[in-house]
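Q: Provided herewith is a single structure, encoded as structure tokens, for subsequent inquiry.
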Amino acid sequence: MITWHGKKFGGKIQQIMNLKRVIGISTLVFLSVLIASIIGAKLVGVDLEVADPANLPLAMWLVGILSSAALCAGGTLWLFKLGEIVPSARNGFLCGLVAGALGFVLDWVALIPHRNGLNILLKYFTRPEYWTAFILIPIACALVGYLSAKK
């Protein structure tokens, strides 16, 4: 517990530090998913510079969905192994929500500078495959939290 000018800040500072850890690891996970998607695109034969999200093959979406869920679950496990965040389904779910929200924001940051960036984003975010990954991430992270808490 830290006291500053007579006020106790232990719990709040701990929560802020935990949020920073989640954001940091989520950023690493986002970059890892981006790399996995680039590799997946090369393997499937998709040129990401000219790819239209509305016409991406299902295999490309599966690479994105599975890699994002698996890497986010791995990032959540890593957070729990650090020992600062208590493993639980709830905490895993919250880590997944932060990772999903951060990924959403970073998708905007990454795609807006491209030519027709807003159009690409609208096509990307209207795909059910995108939202499948967005929903699967917190569920996978909650499962990791649940299983980690049982140990």
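Q: So is R127 over 19 Å from I65 (Cα atoms) and either touching a Lys or Arg at 6+ places or on another chain (Cβ under 6 Å) or among the charged types (D, E, K, R) (or both) or not?
A: Values: over 19 Å from I65 (Cα atoms): no; either touching a Lys or Arg at 6+ places or on another chain (Cβ under 6 Å) or among the charged types (D, E, K, R) (or both): yes.
When the stated conditions are applied, R127 does not pass them.
Q: Let me ask something else. State which residue is modelled with the lowest pLDDT when the search covers only segment 6-27 and only residues that are farther than 13 Å from T76 by Cα, hydrophobic (A, V, I, L, M, F, W, C) and in a helix (DSSP H, G or I).
A: Initially, segment 6-27 is screened for residues farther than 13 Å from T76 by Cα, giving 6-17, 20.
Remaining after also requiring hydrophobic (A, V, I, L, M, F, W, C): 9, 13, 16-17.
Then drop every residue that is not in a helix (DSSP H, G or I), which leaves 13, 16-17.
Values: I13: 65, I16: 73, M17: 75.
My answer is I13.
Q: Given the criteria exposed (fewer than 13 other Cβ atoms within 10 Å of the Cβ) and part of a helix (DSSP H, G or I), does I35 qualify?
A: Numbers: exposed (fewer than 13 other Cβ atoms within 10 Å of the Cβ): yes; part of a helix (DSSP H, G or I): yes.
So I35 passes the test.
Q: Conditions first: (1) under 21 Å from K20 (Cβ atoms); (2) modelled with pLDDT of 90 or more. L79 passes all but one, so which condition is the exception?
A: Only one criterion in (1) under 21 Å from K20 (Cβ atoms); (2) modelled with pLDDT of 90 or more is unmet by L79, namely (2).
Q: Separate question: Please identify the pairs in which a residue from segment 60-75 that is more than 19 Å from D47 (Cβ to Cβ) has its Cβ atom under 7 Å from the Cβ atom of a residue that is of a type in the set (D, E, K, R), counting only partners at least 6 apart or on another chain.
A: Listed pairs, sorted by first residue: I65/E129.
Q: Which condition does I137 not pass, out of (1) surrounded by 17 or more Cβ atoms within 10 Å (Cβ to Cβ); (2) at pLDDT below 90, if it passes all the others?
A: Result: I137 passes all but (2).
Q: Mind checking whether some residue in segment 107-124 is closer than 19 Å to P138 by Cβ and under 11 Å from the mean Cα position of the chain (by Cα)? I'd like the intermediate steps shown before the answer.
A: First, pick out the residues of segment 107-124 that are closer than 19 Å to P138 by Cβ: 107.
Now drop any that are not under 11 Å from the mean Cα position of the chain (by Cα), which leaves 107.
Yes, that holds for at least one residue.
Q: Okay, next question. Do we have any residue at all in segment 115-138 that's closer than 17 Å to I25 by Cα and not in a helix (DSSP H, G or I)?
A: no
Q: Oh, and also: State whether the residues of segment 45-55 include one that is at pLDDT 85 or above, surrounded by 13 or more Cβ atoms within 10 Å (Cβ to Cβ) and assigned to a helix (DSSP H, G or I). Quick ask: steps written out before the conclusion?
A: First, pick out the residues of segment 45-55 that are at pLDDT 85 or above: none.
For segment 45-55, residues at pLDDT 85 or above, surrounded by 13 or more Cβ atoms within 10 Å (Cβ to Cβ) and assigned to a helix (DSSP H, G or I): absent.
Q: Scan segment 56-90 residue by residue and report those that are exposed (fewer than 12 other Cβ atoms within 10 Å of the Cβ) and not in a loop (DSSP other than H, G, I, E, B).
A: Result: L58, K81, L82.
The values are calculated or read from the model by the stated rules, or taken from the named source; none is laboratory data. On a predicted model such as this, the values are computed, not experimentally measured, just so you know. Don't worry about glycine lacking a Cβ; one is built from the backbone with ideal geometry, like all the others, and counts go over all protein chains shown.
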